[in-house]
Amino acid sequence: MKITAVRLYTMNIPLITPFKTALRTVNAIENLVVEVETDEGAVGYGEAPPTAVITGDTIPSIAGAIQYFIAPKLIGRTVDCFDELHDVIESSMVHNTSAKAAVEIALYDLVGKRWNVPLYKLLGGAKQRLETDITISVNPVEEMVRDAVTAAQRGFRILKVKVGNDVALDVERLTAIKAAIPADSVIRVDANQGWTPRQAVRIIKTLEDAGLDADLVEQPVKAHDIEGMRYVTANVDTPILADESVFSASDAIEIIRTHAADLVNIKLMKTGGLYGAMSIASIAKACGVECMMGCMLEGNVAVTAAAHAALARGIITRIDLDGPALCKSNPVHGGAQFTDSIITPAEGPGLGITGIDGLIPLEI
């Protein structure tokens, strides 16, 4: 099964409500979709979102990286030699992790189709289902409480609450949400780098004293401030999750070695795809550090790939794959199935995706 073509498209899906964090506001998913075709007629699907404030990637940069640097090196190669394909993608250029992830997801899809087996079974097959949280965007207190109640009514037991854009309001936001949702709900707090280390310790201790009992606090300080995050981790009881601080396996090693965080968030768009994600999961397992599988604002293609990775590794104990749940529609046929907060994989080969509606060919 040899690679014969790499095609690029865009996909636009409006969100149910605007997605707001301390870093950005987004009204619709506007992502790049990759199709990799082989000489046997099989097509593998991949996807990447433009997340310039985190990965530095835009649609033109992702498309240019694939068209000019990655795709030419893949044409004519067989999908059977996956380790070699990964090395070809990784060495094609530095950084550009979203472009690498989109292509690599499509290649993993093809490997599953080559052997006629779902991807999660090829990767390890540790679990059969996942429970994802859902994001509550940062907004005025009353609006966040309303969104949290609506999410609970939709069947989401775990809420990931965005904060960090107004330190003075963050405690009020979280305590008000805690009071409004069912008692068995789980709250995760995501500051998206919005606090200083001292602010983080003060706020988290206040929340602990108030009985919030948060499952974790995600990336409380700037991504580069590893020492600052270590200070926070050492001075609070709530588990700290490193997100933007961890792109690569070497980043994960440094976070774990220095005890800068208790948990590690794996995202395919940071790791450059599933290969890097599995490497981080293996390192974390060897060190006894649990992981979250997260996503950017991704549709069902990339989220399906992340779900397969999470299903394959027992050390991935927390799931933040709510991208499709935030969308007004799903143009993807097949792939992971969402029933409220529960994600189950399609049992078709690879990602289990059979087609995507509304793709727009990309001209660059």
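The values are calculated or read from the model by the stated rules, or taken from the named source; none is laboratory data. Remember, it's a predicted structure, so these values are computed and weren't measured experimentally. Methodologically, a virtual Cβ is constructed for each residue, glycine included, from the backbone with ideal geometry; neighbour enumeration extends over all protein chains shown.
Take the stretch 209-250 and flag every residue that is buried (at least 20 other Cβ atoms within 10 Å of the Cβ), among the acidic types (Asp, Glu) and not in a loop (DSSP other than H, G, I, E, B).
Glu218
All but one of (1) of a type outside the set (D, E, K, R); (2) surrounded by fewer than 22 Cβ atoms within 10 Å (Cβ to Cβ); (3) touching a residue at least 12 places away in the same chain (Cβ under 8 Å); (4) part of a helix (DSSP H, G or I) hold for Tyr68; which doesn't?
Unmet for Tyr68, out of (1) of a type outside the set (D, E, K, R); (2) surrounded by fewer than 22 Cβ atoms within 10 Å (Cβ to Cβ); (3) touching a residue at least 12 places away in the same chain (Cβ under 8 Å); (4) part of a helix (DSSP H, G or I): (3).
In the set Val138, Val53, which member is of a type in the set (Val, Ile, Thr) and surrounded by fewer than 24 Cβ atoms within 10 Å (Cβ to Cβ)?
Values: Val138 fails: surrounded by fewer than 24 Cβ atoms within 10 Å (Cβ to Cβ).
Selected residue: Val53, the only one of Val138, Val53 that is of a type in the set (Val, Ile, Thr) and surrounded by fewer than 24 Cβ atoms within 10 Å (Cβ to Cβ).
Name the residue, out of Leu123, Leu119, Leu159, that is touching a His at 6+ places or on another chain (Cβ under 8 Å), surrounded by 23 or more Cβ atoms within 10 Å (Cβ to Cβ) and among the aliphatic types (A, V, I, L, M). Walk me through how you get there before you give the answer.
Numbers: Leu123 fails: surrounded by 23 or more Cβ atoms within 10 Å (Cβ to Cβ); Leu159 fails: touching a His at 6+ places or on another chain (Cβ under 8 Å).
Checking each option against the conditions leaves just Leu119.
Quick one: how many residues across the stretch 1-42 are in contact with a Lys or Arg (Cβ under 8 Å, 6 or more places away or on another chain), hydrophobic (A, V, I, L, M, F, W, C) and outside any strand (DSSP E or B)?
3
Within the set of pairs 6 or more residues apart or between chains, which connect a residue that is in the same structural domain as Asn165 (by TED's automatic domain parsing) inside the stretch 120-144 to a residue that is loosely packed, with under 15 Cβ neighbours inside 10 Å and among the acidic types (Asp, Glu) with Cβ atoms less than 7 Å apart?
Matching pairs, first to second residue: Val141/Glu172.
Here are some residues: Gly294, Gly355, Gly334. Which one is under 30 Å from Thr58 (Cβ atoms) and under 16 Å from the mean Cα position of the chain (by Cα)? Give the derivation first.
On the way: Gly355 fails: under 16 Å from the mean Cα position of the chain (by Cα); Gly334 fails: under 16 Å from the mean Cα position of the chain (by Cα).
Unique residue meeting the criteria: Gly294.
List, please: which pairs have Cβ atoms under 9 Å, are six or more places apart or on different chains, and start with a residue in the stretch 167-193 that is under 19 Å from Arg318 (Cβ atoms) and without any contact (Cβ under 8 Å) to a residue 60 or more places away in the chain and end with one that is part of a loop (DSSP other than H, G, I, E, B) and β-branched (Val, Ile, Thr)?
Cβ pairs passing all conditions: Leu174/Val163; Ile187/Ile181; Val189/Val163; Val189/Thr238.
Quick check, is Ile266 among the β-branched types (Val, Ile, Thr), under 12 Å from the mean Cα position of the chain (by Cα) and either farther than 20 Å from Gly155 by Cα or in the same structural domain as Pro49 (by TED's automatic domain parsing) (or both)?
Working: among the β-branched types (Val, Ile, Thr): yes; under 12 Å from the mean Cα position of the chain (by Cα): yes; either farther than 20 Å from Gly155 by Cα or in the same structural domain as Pro49 (by TED's automatic domain parsing) (or both): yes.
So Ile266 passes the test.
When Val171 is evaluated against the numbered criteria (1) of a type outside the set (D, E, K, R); (2) in a helix (DSSP H, G or I); (3) within 24 Å of the chain's Cα centre (by Cα), which criterion, by number, is the only one it fails?
So the condition that Val171 fails would be (3).
Being under 30 Å from Thr25 (Cα atoms) and assigned to a loop (DSSP other than H, G, I, E, B) is the filter here, so list the residues in the stretch 121-143 that pass it.
In the first step, residues of the stretch 121-143 are kept if they are under 30 Å from Thr25 (Cα atoms); the result is 130-143.
Result: Asp133, Ser137, Val138, Asn139, Pro140.
Do we find that Glu47 is buried (at least 23 other Cβ atoms within 10 Å of the Cβ) and either basic (Lys, Arg) or at pLDDT 95 or above (or both) in this structure? Step through it out loud before you land on a result.
Details: buried (at least 23 other Cβ atoms within 10 Å of the Cβ): yes; either basic (Lys, Arg) or at pLDDT 95 or above (or both): yes.
Considered against the rule, which asks whether it is buried (at least 23 other Cβ atoms within 10 Å of the Cβ) and either basic (Lys, Arg) or at pLDDT 95 or above (or both), Glu47 comes out as yes.
Could you please find all residues in the stretch 264-295 being among the aliphatic types (A, V, I, L, M), surrounded by fewer than 24 Cβ atoms within 10 Å (Cβ to Cβ) and not in a helix (DSSP H, G or I)?
Passing the criteria: only Val289.
I'd like to verify a number: residues in the stretch 262-297 that are out of contact with any Leu (no Cβ under 8 Å at 6 or more places or on another chain), more than 14 Å from Ala249 (Cα to Cα) and of a type in the set (D, E, K, R), how many?
Within the stretch 262-297, residues that are out of contact with any Leu (no Cβ under 8 Å at 6 or more places or on another chain), more than 14 Å from Ala249 (Cα to Cα) and of a type in the set (D, E, K, R) number 0.
Return the residues of the stretch 175-208 that are of a type outside the set (Asp, Glu), assigned to a helix (DSSP H, G or I) and closer than 29 Å to Glu227 by Cβ; say none if nothing qualifies.
Residues satisfying the conditions are Pro197, Arg198, Gln199, Ala200, Val201, Arg202, Ile203, Ile204, Lys205, Thr206, Leu207.
Under the condition of being assigned to a loop (DSSP other than H, G, I, E, B) and among the hydrophobic types (A, V, I, L, M, F, W, C), which residue from the stretch 43-62 is farthest from Ile75 (Cα to Cα)?
So the first thing to find is which residues in the stretch 43-62 are assigned to a loop (DSSP other than H, G, I, E, B), and the list is 49-58.
Cutting the leftovers down to among the hydrophobic types (A, V, I, L, M, F, W, C) gives us 52-54.
On the way: Ala52: 28, Val53: 32, Ile54: 30 Å.
Only one residue fits best here, namely Val53.
Is it the case that the stretch 312-332 has a residue that's without any contact (Cβ under 8 Å) to a residue 24 or more places away in the chain and surrounded by fewer than 17 Cβ atoms within 10 Å (Cβ to Cβ)? Steps first, answer last, please.
Keep residues of the stretch 312-332 that are without any contact (Cβ under 8 Å) to a residue 24 or more places away in the chain, which gives none.
Checking the stretch 312-332: not a single residue is without any contact (Cβ under 8 Å) to a residue 24 or more places away in the chain and surrounded by fewer than 17 Cβ atoms within 10 Å (Cβ to Cβ).
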